[in-house]
1. Computed over the Cα atoms of the range B:273-318, what is the convex hull's projected area averaged over all directions, in nm²?
2. For chain A, give me the percentage of DSSP beta bridges that are antiparallel, rounded to the nearest 5 percent.
3. Plugging the Kirkwood radius over Cα pairs into Stokes-Einstein for chain A, at a temperature of 10 °C and a viscosity of 1.306 mPa s, what D comes out in µm²/s?
4. How high is the relative contact order of the range B:274-393, in percent, counting Cα pairs under 8 Å that sit 6 or more residues apart?
5. Can you give the FRET efficiency to the nearest 0.05 for residue A:293 and residue A:87, using r as the Cβ-Cβ distance and R₀ = 56 Å?
6. At q = 0.07, 0.09, 0.11 Å⁻¹, what log₁₀ I(q)/I(0) does a Debye calculation on the Cα points of the protein assembly as shown give, no solvent, two decimals?
7. Mean-square fluctuation check for chain B, GNM, Cα pairs under 10 Å: which of B:81, B:249, B:67 is largest?
8. State whether the range A:223-274 is rounded, prolate or oblate according to the following rule on the C-alpha gyration tensor (a ≥ b ≥ c being the square roots of its eigenvalues): a/c under 1.5 gives rounded; otherwise a/b larger than b/c gives prolate, and the remaining case gives oblate.
């Protein structure tokens, strides 16, 4: 055999303040290497049951079908569209960032007619535009929006849209990839029919699973399909036989270690308390945003609708966006994200998600960014930034 | 918040001799909890590059597009069909077990016409039947078979079928979920165009990824599609932009910890040497099979075409199949599998895969099974079984 070059595994210690993954709590890290058991082992079945219970609590739902899809957040998105749309259906989709655009692409692949409702990247989708789209069609089967647009930092309000869905008889699907476990998400109270998330953001679990929840009303609509779901892997009728208590009919082999990790990550959320956790994200995100503004930078996302889990901030005129990020990584071992699509080179994306959302990280990233910006010729008022942040942190 | 019941994570120590997952090498277990980094971190990019190199070596291919799909083995299957089939195409599929049937279901969901070529569960697909199916159609775009049928224990010979594919101009797709890293798999030498596997079998990595390899000829065929691939998540054109050296265009967030684990598991395969590893599987599987026969049991799969990674053995008349498995699990902490579909209640499936394929495990499972069968009223000649196995092990 020829010699294959490969290194010993030895990842650097990073402070993960990008758009995800976030840092992993040591308990979750340890869970990943817990002993392997079979996917039909009674022990693993009991962990599956725990996990669905914990997920229901974090999604704030009673939905029986609440489980992690065996893929990343994008697989959760696809599971939603693939099951609930088929040729002949019409969907209205909010598109105000990369993940909204991805939703449109995903939904179109089902053969359904898709009406995108757009807004500038950084702004929310106005309920009026949604209503206009709903009104324009004879029958809209599904309406989907992203609650936390990871590409822009905007936090989409959901209540008005939810009541529009009810009024026009459309299923309401929400992407909570960057909000679940960090922002308020209340599936039942808000009337969300289909909800999915990712594990590597505010849940601080490694990437690889997509928490998913669907209510009985949507499952009833599923039964009215005239064609088979395109994806066998994501076919909810098959998956519900595996994940529902009682049947446990073999579908595919569950990613056991990932589910161990999710179990532990959800336990941490429940132990902290959802409300306390949301407040922590709010406080740290608010402090970071106040700090950045006090330093002389401009926040990108629409005022009043900013995520606390992910802050977008404009790159000052004349500053090399990529170089600053590389310096943060190489000199401080801090990861932050750059802009995507039309925002490429124009913004930074600073995540404070889950285990990464700490007061220390707020101050650290302000100090490091301030220093690097000053060195690059932008007069950042780092002291004012830190002061503004500290006031909100204490 | 209401109180949620959940347990502390504390899995039992199992000897995993079922149809997968197999036991995990301690180095792979430790890799799972290596420090998290971002999916665009230069360090992670270097691990991706290592992983593709190692995968190429294990698949014995030079294929540029060789990477782990972010889902379990079944997602690898779906990636194959979803990309290479569309409405208007015709596929011929070998179906002699559960995974062959799953292939047929998967392929039909693409809208293509599917011609199944069947054989009894436990027997191989005869090349003659394949040729008859190929001849019967004007143009067959793709032919797919399972090399290692996990539901029956049959090992499908591939060379003749490969040359039929060449002759009839069909792409050749092979499922190597239960063979890669345990049986000989030679993607380039055998003329396999599309090949996928799973991580939790002979690679002894946790479940969650599907190693995948596709050659340039198949990628050229991909370009002739007239419709978009139904799955965004599994769209190879998008995935190749992320996994190809150079571009690394963001698609979805890779399951970082799982890729760490795969990196380590592949390193272990390369360190042992593919040939040595295949021989180890052959020796242990052969010893188990000789032992079971010497004990008085009947092997299920066709003679001369038996997997060494997974042995199927008939349940003797009057023996409660499930009870024996439960006793193995509860009294010996050994997991073996039961039969599926038409073989339910009729066979056991005993895996000796990757890190689980050891001489000790062969003797242990023979001893435990022999004792339980004798207690249940079947006169198993355990001593003869152990003797027969030991002769082949030494």
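Values in this text are rule-based calculations from the coordinates and carry no lab data. Worth saying up front: this structure is predicted, and the values here are computed from it rather than measured. Neighbour counts run over all protein chains shown; Cβ positions are idealised from the backbone, glycine included.
1. For the range B:273-318, averaging the hull's shadow over all directions gives 3.3 nm².
2. Percentage antiparallel, nearest 5: 50.
3. 73 µm²/s
4. Numbers: 191 pairs, mean separation 42.9, N = 120.
Answer for the range B:274-393 is 36 percent.
5. 0.70
6. For the protein assembly as shown, the Cα-only Debye profile gives -0.51, -0.83, -1.21.
7. B:249
8. Prolate, because a/c is 1.5 or more and a/b exceeds b/c.
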